[in-house]
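Worksheet: one structure, shown below.
The values are calculated or read from the model by the stated rules, or taken from the named source; none is laboratory data. This structure is a prediction, so every number in the text was calculated from the model and none was measured. Cβ sites come from the backbone with ideal geometry, for glycine too, and all protein chains shown count toward neighbours.
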Amino acid sequence: MTQLSHLAPTRHPRSVGGSAGTRQRSARVVHQLLRSSIKSGVLNAGESLSEESLIENLDSTRAAVRSALQMLADEGLVSRQRRMGTVVRGRPLQLPVEDIIGNPSSGPLEYRMIGDHAIPAHHLIRSRMPTDSDSLRMIDYVISNGGVPIGTLVAFQINPNAHPPVHNPDVDGIAQTFETVYSRPFGRMETCIDAVGADERTARILNIAPGAVLLVRDQVLSDVDGNVHEYAYAHYRADMVSFRSPAR
């Protein structure tokens, strides 16, 4: 099986300010990175995905990688066969959507941070947010509304000293939020809305059954000069959250 050529060799977490304990064990994170790379065309149809290469270059575990690959297979994005390994089947249909800012009418969202550490800046993330840095900041949240968990958020930041990218009820809209977090004028937000089945870890966090439908909001935020400052994706319970775009 060929190695995943898109993935440049990464450095051990200790060499980028992390520790062995920060090794990525979440199948959800590995799954979304691979899924987003397939959707964006970074990984192409017919390309082989080597477990060993993914474990090394994503600084992950075998269990997380295997679970993520099986999730992709269940969604029809890859095929898995004995002796043939895992192969990308193709890029799914993508439809354009409006820029979406979540402001639930039932009240402000609550964000509880469950992870904040440095990870290697491997190619799958660099393809979405170009950087020369060897490491990126990854922040993991549980999102609640009225004390009830409704979603999760993973955000990648180039600047490790930036404020956590959470909703501030005193700030009006994405432009002001962006400027508050990154001290730069807001430029644009690329947004893609999708749906996936919940993996076991996310199902436990959100108190739902594995396989339950989750809405995914995948976003890349740039400043007025086109510099990307944040790549983030959120998973929301489809039975509790919906999206709407402003009327024109």
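Taking the conditions exactly as written (under 15 Å from the mean Cα position of the chain (by Cα) and at pLDDT 85 or above), does ASP134 satisfy them or not? For ASP134, the condition - under 15 Å from the mean Cα position of the chain (by Cα) and at pLDDT 85 or above - is not met.
The test for being modelled with pLDDT of 90 or more and not assigned by TED's automatic domain parsing to the domain that holds ARG128 does not hold for HIS6. Checking each residue in the stretch 137-148 for being over 13 Å from the mean Cα position of the chain (by Cα) and free of Cβ contacts under 8 Å to residues at least 60 places away in the same chain picks out SER144, GLY146, GLY147.
The set of residues in the stretch 39-63 being surrounded by fewer than 23 Cβ atoms within 10 Å (Cβ to Cβ) and in a helix (DSSP H, G or I) consists of LYS39, SER40, GLU51, GLU52, SER53, ILE55, GLU56, ASN57, ARG62, ALA63.
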